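The values are calculated or read from the model by the stated rules, or taken from the named source; none is laboratory data. Predicted model only: the values in this text are computed from it and were never measured. Glycine gets a Cβ as well: all are built from the backbone with ideal geometry, and neighbour counts include every protein chain shown. Accessible surface areas use protein heavy atoms only, side chains included; no ligands, DNA or RNA. Shrake-Rupley method; radii C 1.70, N 1.55, O 1.52, S 1.80 Å.
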Amino acid sequence: IIHLETLIGIIGLARKNNNDAYTKNDISLLETVSHQAAIAISNGLLYRKLNSLNLNLKKKVNEQTRHLNDLLKIKDEFVKITSHQLRTPTTIIKGMLSMILEGSLNNDAAKKKQYLDQAYTSVLNLERIIHGILGASDMTAGKLLMTFEPVDIKEIAEKLVAERGHLAANKAITLVTKDFDLPLPKISADKLKIREAMANLIDNAINYTPKGEVCVSLHSSQDNSWVSFCVKDTGIGIKPEEKAKIFRKFTRTEQSTMVNPNGTGLGLYIVQQIVDAHHGRIEAESQGENTGSSFKITLPAIK
Ligand code: ADP
């Protein structure tokens, strides 16, 4: 059975029941049957191919739709978070400055200073939010420029903890360190970027712990091929179903907005990008709501 010069089947003939030879009529009948069969078989094959193409197409469209829906959700979150985050400090700055310009505070230097201080804090807040948004968008566009050098993460961790002492004390949080005295190999890293990632984890632990303890610890693997930086807190914790989502851009857990209304949901996304660029990994652990959390960055050490 031949279709478009391709053999697509064979008809096998046995001896006739009456033992007669095949006649010319038999052969021409068989030829007609084989022509028809060729068309039927090739149609069947085409139909099967079309069907599987259809299924594939459907799968692809579904995948793309899911992806688009995810992007739409991220866009909604972006608009919701940025409009809230940008509006709050802007309103404060406008309010404070308009009162000063009005002149009603001309005789009250202390109050004037207090209002200017508040406006200044709000400007810093705005700057932080804009820095976060631009940083995340640079990373998404693959514009993460880094300069690698041997870096001692113990030195960075010590400074970060010292700088955050007052923040923790203001919130009745004990900020402690563990295993800082053990020897730790250096890593090859962009010092500023890795510092940013480590700072983010400590800041998050302080922000999401109303009161209790934040413990920063350092470790290295036995063969000195890996170092890790771990921040463990006794704060609001993370529900199991939310653990994977918190590394996405503009994603925050429900409880977090009450404890830290100023968050943008960008920090962990940025941390993840930085850690990836250093060929490391980041892990989050929590037993659930109000059970505390721990975040660990593991990075390859210099041999
Ligand atoms: P932000 O803190 O600005 O919201 P992040 O990307 O740093 O953004 O964190 C994303 C979310 O992950 C937070 O909004 C919070 O819900 C959750 N999260 C991060 N760190 C902690 C932590 N230490 N404890 C509990 N939840 C956390």
| request: Give the shape of the chain as rounded, prolate or oblate, defined through the alpha-carbon gyration tensor: a ≥ b ≥ c are the square roots of its eigenvalues, a/c under 1.5 means rounded, and otherwise the shape is prolate if a/b is larger than b/c and oblate if not. | output: prolate
| said: If I take every Cα pair under 8 Å that is 6 or more residues apart in the chain, average their sequence separation and divide by the length, what percent do I get for the relative contact order? | reply: 15 percent
| Burial ranking of peptide ranges 26-37, 42-53, 258-269 (average Cβ count within 10 Å, highest at the top) | 258-269, 26-37, 42-53
| field | Cα gyration tensor category, rounded, prolate or oblate, for the stretch 205-245 with a/c compared to 1.5 | value | oblate
| request: Report the charge-dipole magnitude of the chain in Debye, nearest 20, computed about the Cα centre from +1 at each Lys and Arg Cβ and -1 at each Asp and Glu Cβ. | output: 600 debye
| request: Would you mind getting me the FRET efficiency between residue 101 and residue 67? Use the beta-carbon distance for r and R0 = 45 Å, nearest 0.05. | output: 0.35
| request: Could you give the size of the charge dipole of the stretch 1-103 about its Cα centre, using +1 on the Cβ of each K and R and -1 on the Cβ of each D and E, expressed in debye and rounded to the nearest 20? | output: 280 debye
| query | What base-10 log of the normalised intensity I(q)/I(0) is obtained for the stretch 1-116 from the Debye formula, alpha carbons as equal point scatterers, at q = 0.13, 0.18, 0.21 Å⁻¹? | reply | -0.80, -1.01, -1.11
| note | Among 180, 160, 93, the residue whose Cα sits farthest towards the positive end of the charge dipole of the chain, when +1 is placed on the Cβ of each Lys and Arg and -1 on the Cβ of each Asp and Glu, is 93
| task | Could you please state how large a percent of the accessible area of the stretch 97-137 is carbon and sulfur, counting protein chains only and using a 1.4 Å probe? | result | 62 percent
| task | Output the pairs from 111/171; 154/296; 80/249; 154/191 with a Cα-Cα distance over 18 Å in this structure; if there are none, say none. | result | 111/171
| Using a simple charge model, +1 on the beta-carbon of Lys and Arg, -1 on the beta-carbon of Asp and Glu, nothing else, what dipole does the stretch 232-303 show about its Cα centre, in debye to the nearest 20? | 260 debye
| said: Which of the three applies to the stretch 153-233, rounded, prolate or oblate, going by the alpha-carbon gyration tensor with a ≥ b ≥ c and a/c under 1.5 meaning rounded? | reply: prolate
| message | Using a Cα-Cα cut-off of under 15 Å, which aspartates and glutamates could be cross-linked to residue 94, ignoring same-chain neighbours fewer than 8 residues away? | response | 102, 117
| Near residue 58, which lysines are there with a Cα under 21 Å away, not counting those fewer than 8 places off in the same chain? | 49
| query | Once the Cβ-Cβ distance between residue 87 and residue 225 is put in as r, and R0 is 35 Å, what FRET efficiency do you end up with, to the nearest 0.05? | reply | 0.15
| With labels modelled as points extended 7 Å from the Cα through the Cβ direction, what inter-label distance (nm, one decimal) is found for residue 170 paired with residue 48? | 7.1 nm
| task | Over 27 Å between C-alpha atoms is what I'm after, so list which of 143/178; 60/193; 143/245; 60/245; 143/239 land there. | result | 143/178; 60/193; 143/239
| Mean Cβ neighbour count within 10 Å, used as a protection proxy, ranking 194-205, 74-85 highest first | 194-205, 74-85
| said: How many angstrom lie between the Cα centre of the stretch 1-71 and the Cα centre of the stretch 167-202? | reply: 68 Å
